[in-house]
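First comes the structure, then the notes that go with it.
The values are calculated or read from the model by the stated rules, or taken from the named source; none is laboratory data. Note that this is a predicted model, so its numbers are computed, not measured. All Cβ positions, even for glycine, are placed from backbone atoms using ideal geometry, and neighbour counts span all protein chains on display. Protein only, heavy atoms only, side chains kept; ligands, DNA and RNA dropped before computing areas. Shrake-Rupley method; radii C 1.70, N 1.55, O 1.52, S 1.80 Å.
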Amino acid sequence: MSRPFYVRNYLQWCGLIFLLSPATGGAADLFPGAAASYLISTNHSESWSHQPERRLPPASLTKIMTVLLAVEHSQPQDAVTIGPDAATETGSRLGLRVGEQFRVVDLLAASLLQSANDACHALADHIAGNESNFVALMNRRAKELGLADTRFSNACGHDHPNHYSSARDLARLAESILAHPFLAELVSRVEATISTLDGRHTFRLVNRNELVGRYQGVAGVKTGYTPKAGKCLIALARRNGAQVMVVLLNAPDRWWTAVDMLDSAFAAVRSPRTAAP
């Protein structure tokens, strides 16, 4: 990141803090640059949105569903054996080898923090036998959660015409994993270390969410990027009893767009105002 986090956004400099709502005139102009955005505050009321139901590629935000299913269909200490399909995954990966074994909880960490496609695919194979079967579970679970603008075609988030979600759906999905305390703690870590069950190989994981450990109160959740999806982010932050979640899809300046949105939301909690009609 190129500028220090103590820099306040221009709304605060001007003293024009107010809680944004979908009806606020010109709200989209205040936080430009994302194809879709969604912000919800402590009481789950929608504070600001821009095309929240637009269907877009979610990149590695997809892994939130994979992790949710892994938690629902396995135990954290279960052993997972890396198969050939997982070991040959492309994109972001740790370089896991065929035959290596890991605990489920360690592959969850690799999927959420490092966004490792090989770890993610290994979880899918472990739960459903292969990725194709797992994708069917993903779409079934999405329907159960009421994610009307979501469809999956793979477990990790690779671009595909039939692989999409919306900012609003992804917020709901993120809330589903945050309901599991150990996952909520996991996504808030700056880094972690995992090892194979035999202890021969160790991997240091670094959280790709650059807000974690740098922006006050940020506690996750997930980043994503592909050439088609662009830069994506789900950021959760808590301060003084207030909680705000921001979802950004295809946001070239995702870190500072998120910072501006979070700053404004927390300022509104301190000094609530309404926009002029």
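Of all residues in the range 215-271, those satisfying the criterion of being under 26 Å from residue 93 (Cβ atoms) and open to solvent by 50 Å² or more (accessible area, probe 1.4 Å) are 225, 227, 228, 231, 250, 252.
Taken over the range 199-212, the criterion of being open to solvent by 70 Å² or more (accessible area, probe 1.4 Å) and closer than 30 Å to residue 254 by Cβ is satisfied by 204, 208. Tallying residues that are of a type in the set (Phe, Trp, Tyr) and under 12 Å from residue 156 (Cα atoms) within the range 94-134 yields 1. Does the range 132-155 contain any residue that is outside any strand (DSSP E or B), more than 25 Å from residue 171 (Cβ to Cβ) and at pLDDT 95 or above? Yes - at least one qualifying residue is present in the range 132-155. The residue of the range 172-198 that is surrounded by the fewest Cβ atoms within 10 Å (Cβ to Cβ), among those that are among the small types (Gly, Ala, Ser) and part of a strand (DSSP E or B), is 195. Residue 159 passes every criterion in (1) in a loop (DSSP other than H, G, I, E, B); (2) open to solvent by 50 Å² or more (accessible area, probe 1.4 Å); (3) more than 27 Å from residue 97 (Cα to Cα) apart from (3). Give all pairs with beta carbons closer than 6 Å in which a residue from the range 96-109 that is in a loop (DSSP other than H, G, I, E, B) meets a residue that is open to solvent by 50 Å² or more (accessible area, probe 1.4 Å); count only pairs at least 6 apart in sequence or on separate chains. Pairs found: 98/84.
With respect to the stated conditions, residue 108 is open to solvent by less than 10 Å² (accessible area, probe 1.4 Å), aliphatic (A, V, I, L, M) and out of contact with any Ser or Thr (no Cβ under 8 Å at 6 or more places or on another chain).
Scanning the range 76-103 for residues that are of a type in the set (S, T, N, Q), under 25 Å from residue 226 (Cβ atoms) and open to solvent by 80 Å² or more (accessible area, probe 1.4 Å) gives 88, 90.
Residue under question is residue 192, and the condition is that it be within 13 Å of the chain's Cα centre (by Cα) and of a type in the set (Gly, Ala, Ser); does it hold? For residue 192, the condition - within 13 Å of the chain's Cα centre (by Cα) and of a type in the set (Gly, Ala, Ser) - is not met. Take residue 212 and tell me if it is of a type in the set (Val, Ile, Thr) and free of Cβ contacts under 8 Å to residues at least 60 places away in the same chain. So residue 212 fits the description; yes. Please pick out the residue among 116, 124, 128 that is of a type in the set (A, V, I, L, M, F, W, C), under 19 Å from the mean Cα position of the chain (by Cα), modelled with pLDDT of 95 or more and over 20 Å from residue 204 (Cα atoms). Matching residue, one of 116, 124, 128: 124. A Cβ distance below 6 Å, combined with a sequence gap of six or more or placement on separate chains, defines the contacts here; from the range 135-158, residues that are closer than 22 Å to residue 113 by Cα reach residues that are β-branched (Val, Ile, Thr) and buried (at least 17 other Cβ atoms within 10 Å of the Cβ) in the pairs 152/135; 155/66; 157/62. When 118, 85 are screened for being free of Cβ contacts under 8 Å to residues at least 40 places away in the same chain, in contact with a helix residue (DSSP H, G or I) (Cβ under 8 Å, 6 or more places away or on another chain), assigned to a helix (DSSP H, G or I) and of a type in the set (Asp, Glu), only 118 passes.
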